[in-house]
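Asker: Input: one structure, supplied below.
The values are calculated or read from the model by the stated rules, or taken from the named source; none is laboratory data. Just so you know, these numbers come straight off a predicted model, no measurement behind them. Cβ placement follows ideal geometry from the backbone for every residue including glycine, while neighbour counts extend to all protein chains displayed. The accessibility values were calculated without ligands, DNA or RNA, using every heavy atom of the protein model including side chains. Shrake-Rupley method; radii C 1.70, N 1.55, O 1.52, S 1.80 Å.
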Amino acid sequence: MAFRASLRLAAKPARAARFYSQAAAVPTSTLGGAVSNSSQIKRDATLPNPDPSADSASAALVSEHAPYMVATYSRPPPVFVKGEGSYLWDIENRKYLDLTAGIAVNSLGHCEPGVSKLMAEQAKTLVHASNLYYNPWTGALSKLLVEKTLESGAMHDASAVFICNSGSEANEAGIKFARKVGKVLDPSGAKVEIVSFRNAFHGRTMGSLSATPNPKYQAPFAPMVPGFRVGDYNDIAAIPELVTENTCSVIVEPIQGEGGVQPASDEFLIALAKRCREVGALLHYDEIQCGLGRTGEFWAHARLPKEAHPDILTTAKALGNGFPIGATIVNAHVAEKIKIGDHGTTFGGNPLACHLAHYIVSRLADPALQEGVRAKSETFIHGFEALRAKFPELIKEVRGRGLILGLQLTEDPTAIVTAARERGMLIITAGTNTLRFVPSLTISEAEIEEGLAILEEAIKATRA
């Protein structure tokens, strides 16, 4: 009953309040001892969003459910039940400014009204019929992705699209397509190598994982798929030996997200593309995290010259604003070599996902939205540089473009993440000692200023 009551309470959040009044001490009887209880009560009373205690409704729900869940994630205590715009509410009605956007997913914000309306309408019409038959939305989304890509000045020869369910699947398709193209170009079978780069993250399925050269992810599942080579990101001098006649594809993120918000230099991507053309290899840009308006351009590579555009472009995350969908965009050079039966998907391209993505792409392709992203980026960067001046021993560098930004710290940021959460803001990490900021693209200037203020409070709290 307490759980249901909490859900009802969270269903009607007050818009203006930051719920500081909710910061009254929560029961701490399970923490042990009057002294411990007193200390916890005093601490919680000073925080707007103290993490739920061991005898809270949140803890009770987690204790009930966790034994039935494969433990693939380490999660903090809050249990989220509602989202709206740039905010989340937990089961105990605490309000959080969300600067993670579901890891760069909710680019239009939580529960965006247009998405919610379309989801309800399409769910009443047709959800799934399989790829054995046509539906109105798979083709419509594919057409829109190609058109908006061409209009944006990115991937000038974008031609066709494969729709799937996730980023990892989109990259798997790109890897398979590259292998097929390599075999067509060289029937001997030698042209099968795929190049990726250190600190990359392309997914957790076996092909995309093999292109993710991080022992933390790969070692438990070794051996990897054969035929993958690894290079150093932004190392132009190493490209000629790395990319050879046996290379069928080079997969690279224009901005490494999971790797620490590390942008590739334009010179590196141009040199990489030039070498790919020399040896007949495909160039595959993974823009799953950095694409679809997040840099202030529709695609992160749009500012590059045409000769540095990709043959394969993968996307997911923001494409569904929280609904599972991914896409692999290819040029005619690739598309014409993929035949019926070469690849497939059961759920990919279903009318519900594609109708939603069609609306979302239309929104994210809006030049006014992208201009807003660039302006908001400047606000963030100005605030980050001010914090860097205040905490020079902690903040080493500000990196990124648009609203994919990173603060490189000199120490583990876990304490800051926790302190920010207990002050009502969600942030995440990336790479080594990097705070990552990937908020909704519709975040307001006031919300950015609120976030910067909380971040400063959190840093100060960890300096004490």
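Asker: Treat region 343-403 as a sphere of radius equal to its Kirkwood radius over Cα pairs and apply Stokes-Einstein at 37 °C in a medium of 0.692 mPa s; give the translational diffusion coefficient in µm²/s, rounded to a whole number.
Answerer: 221 µm²/s
Asker: Tell me which residues come under 5 Å, amide H to amide H, from Thr429 once H is placed; ignore anything under 5 positions away on its chain.
Answerer: Arg436
Asker: So how far apart, in nm, are the two label points at Ile340 and Glu267 if each is 7 Å from Cα heading toward Cβ?
Answerer: Here the modelled spin labels are 5.1 nm apart.
Asker: Which ³J(HN,Hα) values in Hz, rounded to whole numbers, follow from the phi angles of region 149-161 under the Karplus curve 6.51 cos²θ - 1.76 cosθ + 1.60, where θ = phi - 60° and Gly and Pro get x?
Answerer: 5, 5, 4, 6, x, 8, 3, 5, 10, 3, 10, 8, 9
Asker: I'd like the distance between the alpha-carbon centres of region 182-223 and region 359-427, rounded to an integer number of Å.
Answerer: Using only Cα atoms, the two centres lie 31 Å from each other.
Asker: How large is ³J(HN,Hα) for each residue in region 250-258, as worked out from phi by the Karplus curve 6.51 cos²θ - 1.76 cosθ + 1.60 (θ = phi - 60°), to whole Hz, x for Gly and Pro?
Answerer: 10, 10, 8, 8, x, 9, 6, x, 4
Asker: Counting only the heavy atoms of the protein chains, how much of Leu269 is accessible to a 1.4 Å probe, in Å² to the nearest 10?
Answerer: Rounded to the nearest 10, the figure is 10 Å².
Asker: Would you mind checking region 183-209 for residues with the amide N under 20 Å from a putative spin-label position 7 Å along Cα→C-beta of Glu245?
Answerer: Only 183-195 fall inside the zone, counting backbone N under 20 Å.
Asker: My understanding is that a pair violates if its Cα-Cα distance is over 18 Å; which of Lys117/Lys376; Lys306/Lys337; Lys376/Lys396; Lys143/Lys306; Lys396/Lys460; Lys148/Lys339 do that in this structure?
Answerer: On the way: Lys117/Lys376 27 Å; Lys306/Lys337 22 Å; Lys376/Lys396 22 Å; Lys143/Lys306 21 Å; Lys396/Lys460 16 Å; Lys148/Lys339 25 Å.
Among Lys117/Lys376; Lys306/Lys337; Lys376/Lys396; Lys143/Lys306; Lys396/Lys460; Lys148/Lys339, the Cα-Cα distance tops 18 Å for Lys117/Lys376; Lys306/Lys337; Lys376/Lys396; Lys143/Lys306; Lys148/Lys339.
Asker: Once you keep just the Cα pairs under 8 angstrom separated by 6 or more residues, what percentage relative contact order results for region 179-258? Don't skip to the answer; put the middle values down first.
Answerer: Working: 128 pairs, mean separation 30.7, N = 80.
Relative contact order of region 179-258: 38 percent.
Asker: For an R0 of 56 angstrom, estimate the FRET efficiency from the Cβ-Cβ distance between Ala59 and Arg198 and round to the nearest 0.05.
Answerer: Step by step, r from the Cβ atoms, then E = 0.90.
Asker: What are the semi-axes of the equivalent ellipsoid of region 263-372, taken as the square roots of 5 times the eigenvalues of the Cα gyration tensor, listed largest first and rounded to whole Å?
Answerer: The answer is 25, 21, 10 Å, longest axis first.
Asker: Something else: Tally up the carbon and sulfur contribution to the accessible surface of the chain as a whole percent, 1.4 Å probe, everything protein left in place.
Answerer: Values: 11720 of 20200 Å².
Carbon with sulfur: 58 percent of the solvent-accessible area.
Asker: Then there is this: Could you tally the net charge around Asn234, taking each other residue with its Cβ under 12 Å from the Cβ of Asn234, Lys/Arg +1 and Asp/Glu -1?
Answerer: Details: positive: Arg198; negative: Asp232, Asp235, Glu253, Asp266, Glu267.
Once all neighbours under 12 Å are counted, the net charge is -4.
Asker: Hey, can you rank 67-80, 346-359 by average C-beta count inside 10 Å, highest first?
Answerer: By packing density, highest mean first, the sequence is 346-359, 67-80.
Asker: What is the antiparallel percent of DSSP beta bridges lying wholly in region 254-342, to the nearest 5?
Answerer: Roughly 65 percent of the DSSP beta bridges within region 254-342 come out antiparallel.
Asker: Given labels modelled 7 Å from the Cα in the Cβ direction, how far is it in nm from Leu185 to Arg75?
Answerer: Computed distance between label sites Leu185 and Arg75 equals 4.4 nm.
Asker: While we're on this one: Among residues other than His156 whose Cβ falls under 12 Å from its Cβ, what is the net charge (Lys/Arg +1, Asp/Glu -1)?
Answerer: -3
Asker: Would you mind calculating the relative contact order of the chain from Cα pairs under 8 angstrom and at least 6 residues apart, reporting the percent as a whole number?
Answerer: That works out to 19 percent.
Asker: If you split all Cα-Cα distances of region 146-205 into 5 Å bins from zero, what percentages do you get per bin, shortest first?
Answerer: The calculated distribution, bin by bin, is 4, 15, 16, 19, 23, 17, 5, 1.
Asker: In a Debye calculation with equal point scatterers on the alpha-carbon sites of the chain and no solvent, what is log10 I(q)/I(0) at q = 0.07, 0.09, 0.11, 0.14 Å⁻¹?
Answerer: Evaluating at q = 0.07, 0.09, 0.11, 0.14 Å⁻¹ gives log10 I(q)/I(0) of -0.38, -0.63, -0.93, -1.39.
Asker: Can you give me the long-range amide H partners of Gln256? Hydrogens built in the peptide plane at 1.01 Å from N, cutoff under 5 Å, separation of 5 or more residues or another chain.
Answerer: The answer is Gln262, Ala264.
Asker: Given a cut-off of under 8 Å on Cα pairs at least six residues apart, what relative contact order in percent is computed for region 119-244?
Answerer: The value is 16 percent.
Asker: If you don't mind, another one. Taking the DSSP beta bridges in the chain as the whole, what percent of them are antiparallel, to the nearest 5?
Answerer: 65 percent
Asker: Further, regarding this structure: For Lys376, Lys117, what's the largest-to-smallest order of accessible area, 1.4 Å probe?
Answerer: Ranking Lys376, Lys117 by accessible area, largest first, yields Lys117, Lys376.
Asker: For the Cα atoms of the chain, what angle does the longest principal axis make with the long axis of helix 445-463, in degrees from 0 to 90, nearest 10?
Answerer: The angle comes out near 70 degrees.
Asker: To continue, here is another question. How big is region 200-324 by Rg and Dmax over its Cα atoms, in Å?
Answerer: Values for region 200-324 (Cα only, Rg and Dmax): 14.4, 41 Å.
Asker: How tilted is helix 167-185 with respect to the longest principal axis of the chain? Cα atoms for both, answer in degrees (0 to 90, nearest 10).
Answerer: The helix 167-185 is inclined about 10 degrees to the chain.
Asker: In whole Hz and in residue order, list the ³J(HN,Hα) couplings for region 218-223 that follow from phi through the Karplus curve 6.51 cos²θ - 1.76 cosθ + 1.60, θ = phi - 60°; x for Gly and Pro.
Answerer: Per residue, the Karplus-derived 3J(HN,Hα) values read 8, 3, x, 10, 5, x Hz.
Asker: Rounded to the nearest 0.05, what FRET efficiency do Glu278 and Ala123 have when you use their Cβ-Cβ distance and R0 = 56 Å?
Answerer: 0.65
Asker: Leaving out ligands, DNA and RNA but keeping every protein chain, what accessible area does Met206 have, in Å² rounded to the nearest 10, with a 1.4 Å probe?
Answerer: Surface accessible to solvent at Met206 totals approximately 80 Å².
Asker: Something else now. Taking amide H atoms as placed 1.01 Å from N in the peptide plane, list the residues 5 or more away in sequence, or in a different chain, whose amide H sits under 5 Å from that of Ser166.
Answerer: Gly326
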